[in-house]
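To start, I am sharing the structure in question, which I have written as structure tokens.
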Amino acid sequence: MAKINSNSNAYIIGYSCIMVVIVAFLLAFVSSALKPQQDANVKLDKKKQVLAALNIRGLSDAEAEAKYDEVVKDGDKAFEMNSASFKSGDLAVYQCEVDGEKKYVVSVYGAGLWGPIWGYIAVNADGNTVYGAYFNHEGETAGLGAEIKDSKAWQDLFVGKKIYNADGTVALKVLKASEIKNPESEVDAVTGATLTSVGVSDMLQEGFAKYKDLLK
């Protein structure tokens, strides 16, 4: 019986191919096994973001699940619309009730400095007043553009702002302090994050233009 030459090119290539196949199989198995939990985590995170827009934060996972079921009366079944202008997919409205008052939470998607940004905006029953806001991002600069997510104080600046003008055009926008002319509907930009702030403003303008018929 011929002795296998472990130093030959054929042996090394064959051994490498076998190891690659084994590792690929193990990775696929682990990914498949973890997918249900990963999907559950994604859904829970989305629920927490919707709750954050309703000014409900700091809950444990179990508390968030229970609170979401309590306040969200009709998930994104109420209104969905495919949007070719947003890479992230569907826009949606969530019908909610907080302390006996009807609220709508709408999703908006856009582009920041380094990648996608998105948000959930809670709107009062009048369809024209912001009740709360939460924004998130994929890769904005820490301490600058990332403040759209990390700064609750900045998100709180949106509370009470008007969304539409009398003619139905979108009034809500983000501007530098020196450019603000209508404080009822304009929010001061994040300091040092001009391009991210412009991205948020464009996202709100484009997003609420699509929700106009529903909210008005």
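The values are calculated or read from the model by the stated rules, or taken from the named source; none is laboratory data. None of the values given here were measured: they were computed from a predicted structure. Note that each Cβ is placed from the backbone with ideal geometry, even for glycine, and that neighbours are counted across all protein chains shown. Note: areas computed on protein heavy atoms with side chains; ligands, DNA, RNA excluded. Shrake-Rupley method; radii C 1.70, N 1.55, O 1.52, S 1.80 Å.
Specify the angular offset, from 0 to 90 degrees and rounded to the nearest 10, of the alpha carbon long axis of helix 61-71 from the longest principal axis of the alpha carbons in the chain.
So the inclination is approximately 40 degrees.
Over all directions, what mean area does the Cα convex hull of the stretch 114-216 project, stated in square nanometres? Don't skip to the end; give the middle numbers.
Numbers: hull surface 24.1 nm².
Mean shadow area of the hull around the Cα atoms is 6.0 nm².
Rolling a 1.4 angstrom probe over the protein heavy atoms, how many square angstrom per residue are accessible across the chain? Let's see the in-between values first.
Working: 12380 Å² over 216 residues.
About 57 Å² of surface per residue is accessible.
Still on this structure, please answer the following. Can you give me the % of accessible surface on the chain that is carbon or sulfur? Probe 1.4 Å, all protein chains present, nothing else counted.
56 percent
Along the charge dipole of the chain, pointing to its positive end and built from +1/-1 on Cβ of Lys, Arg, Asp and Glu, which listed residue (28, 18, 58) has its Cα farthest out?
Checked the options; the winner is 18.
Need the full-extension length gain, residue 159 to residue 181, defined as separation in residues times 0.36 nm minus the C-alpha distance. One decimal, nm.
6.2 nm
Moving on to the next point. Counting alpha carbon pairs within less than 8 Å and at least 6 residues apart, what relative contact order, in whole percent, applies to the chain?
After rounding, I find 13 percent.
Let me ask you something else. Using Stokes-Einstein with the Kirkwood hydrodynamic radius over Cα pairs, what translational diffusion coefficient do you get for the stretch 173-216 at 20 °C and a viscosity of 1.002 mPa s, in µm²/s rounded to a whole number? Intermediate results must be reported in sequence, preceding the final value.
Numbers: Rh = 11.1 Å.
Rounded to a whole number, D works out at 193 µm²/s.
By how many degrees, between 0 and 90 and to the nearest 10, does the Cα long axis of helix 9-53 differ from the longest principal axis of the chain?
Helix 9-53 and the main axis of the chain meet at about 20 degrees.
Relative to the compact-globule scaling 2.2 N^0.38 Å, provide the ratio for the alpha-carbon radius of gyration of the stretch 87-166. Before the final figure, lay out the partial values.
Working: Rg = 13.5 Å, N = 80, 2.2 N^0.38 = 11.6 Å.
After normalising by residue count via 2.2 N^0.38 Å, the value is 1.16.
Also: Report, in whole Å, the centroid distance computed from the Cα atoms of the stretch 184-216 and the stretch 95-124.
Each part's Cα centre sits 11 Å from the other's.
May I ask for the net charge around residue 114, where only other residues with Cβ less than 9 Å from the Cβ of residue 114 are counted and Lys, Arg are +1 while Asp, Glu are -1?
After counting each charged neighbour, the total is -2.
Continuing with the same structure: Could you size up the charge dipole of the stretch 156-216 around its Cα centre, putting +1 on the beta carbon of Lys and Arg and -1 on that of Asp and Glu, and report it in debye to the nearest 20? Numbers along the way, then the final one.
Details: 8 positive and 9 negative charges, 22 e Å.
Around 100 debye, computed over the stretch 156-216.
How much mean residue ellipticity at 222 nm does the chain get from its helices, if each DSSP H run of length 4 or more adds -39500 (n - 2.57) and you divide by all residues, to the nearest 500 deg cm²/dmol?
Helix contribution divided over all residues of the chain: -13500 deg cm²/dmol.
Using alpha carbons only, how many degrees (0 to 90, rounded to 10) separate the axis of helix 194-215 from the longest principal axis of the chain?
70 degrees
Follow-up question, since we're still on this one. I want the local charge near residue 100. Using Cβ-Cβ distances under 14 Å, sum +1 for each Lys or Arg and -1 for each Asp or Glu among the other residues. Walk me through the intermediate numbers first.
Working: positive: 73, 102, 103; negative: 70, 97, 99, 101.
After counting each charged neighbour, the total is -1.
Would you please put 18-25, 149-156, 96-103 in order of how densely packed they are, using the mean number of other Cβ atoms within 10 angstrom per residue and starting with the highest?
Highest mean packing first, the order is 149-156, 96-103, 18-25.
Enter the mean projected area of the convex hull around the alpha-carbon atoms of the chain, in nm², rounded to one decimal. Show your work: numbers first, answer last.
Working: hull surface 71.7 nm².
The number I arrive at for the chain is 17.9 nm².
What list of ³J(HN,Hα) couplings, whole Hz, do you get for the stretch 148-162 from phi and the Karplus terms 6.51, -1.76, 1.60, once you set θ to phi - 60° and write x for glycine and proline?
In residue order, the calculated couplings are 4, 9, 7, 9, 5, 4, 6, 4, 5, 5, 7, 4, x, 6, 7 Hz.
Treat every Asp and Glu Cβ in the chain as -1 and every Lys and Arg Cβ as +1, leave all other atoms uncharged, and give the resulting dipole magnitude about the Cα centre to the nearest 20 debye.
About 540 debye.
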